[in-house]
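Derivation of every value follows stated rules applied to the coordinates shown; laboratory data play no part. Here the structure is a predicted model, which means the values were calculated and not measured. A quick note on method: Cβ atoms are made from the backbone with ideal geometry, for glycine too, and the neighbour counts reach across all protein chains shown.
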Amino acid sequence: MVNHAEGLTNEGCSLRKNCKCTPCKTERNRGCENPTKCRRNALKKLENLKPEWDPRIPDPEATTTYPDLPPPDIEYEKVDDPVHTPTHPHDLVRIFTDPTT
């Protein structure tokens, strides 16, 4: 939503319903009838968020450094992610039951 709202500052955008800039054309091809209106709506929603929930405000806790940790190895081997990407909504649901009943 942040990237979408930032589209209001696209260079060459006329901020009109029939704007001919590339980002607006792309949005219209995706089904948006009025990209400028959608972007303004996204910006309005972002501005209603409390600061602790606003993704545009950097989180100071996210940049915490740990000086006691050794530096990472220069060479490493990437391990495959063992979690598969769900392809069906049923893959997102887990039901826990008592197997003895």
C-alpha long axis of helix 35-47 to longest principal axis of the chain, angle in °: 50
From the coordinates shown, Cα Rg over 2.2 N^0.38 Å corresponds to which of (1) 1.75; (2) 1.09; (3) 2.16: (1)
Computed label-point distance, nm, for sites ASP91 and ASN18 using a 7 Å Cα→Cβ extension: 4.5
